Amino acid sequence: MRAASALLAEALAVLGLFAFAPSFARAEEGAKLYEANCAKCHGADGRADTPMGKAMKAASLVDPKWAAPDSGAALVAAFHANPKHKAIASKVSDDDLRAIAVHVRALAGGSAAPN
């Protein structure tokens, strides 16, 4: 009986790891997309403390509103509403933006789990 319990516990642990694999992959993808498309203005740390960020008056992404679990949709909407993003709008899809939102949520102090 003990062996069966141990086997069951091991199987559940493995399944649990697979359940979180998409979250980790999404966070990693978001970080890469952020670096390629956002960091030039918003900075690697999201504080917009870069020469381009200062020139464009980019918003800091280290704000509690971006840390909220439902911030993904808000970030996509804010991106599309901001005319400063016109130059990169054709380079990123809404799905890319949702992945970026996972990374931004982590920068802002929230969970890196996708919503």
Between Ala39 and Ser93, what is the label-point separation in nm under the 7 Å Cα-to-beta-carbon projection? 2.3 nm
Treating cross-link reach as a plain straight distance, find the aspartates and glutamates whose alpha-carbon is under 14 Å from the alpha-carbon of Lys32, omitting any fewer than eight places away in the same chain. Asp45, Asp95, Asp96
Suppose a student asked you for the relative contact order of region 24-115, using Cα pairs under 8 Å spaced at least 6 residues apart; what percent would you report? 38 percent
What lysines does Lys54 reach when the alpha-carbon gap must be under 20 Å and sequence neighbours fewer than 8 apart in one chain are set aside? Lys40, Lys84, Lys86
On a full-extension model of 0.36 nm per residue, what is the gain between Met52 and Asn82, subtracting their alpha-carbon distance, rounded to one decimal in nm? 9.2 nm
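Throughout, read-outs are computed from the coordinates displayed, never taken from laboratory work. In this text, all values refer to a predicted model and were calculated from it rather than measured experimentally. Note: ideal-geometry Cβ built from the backbone for every residue, glycine included; neighbour counts use all protein chains shown.
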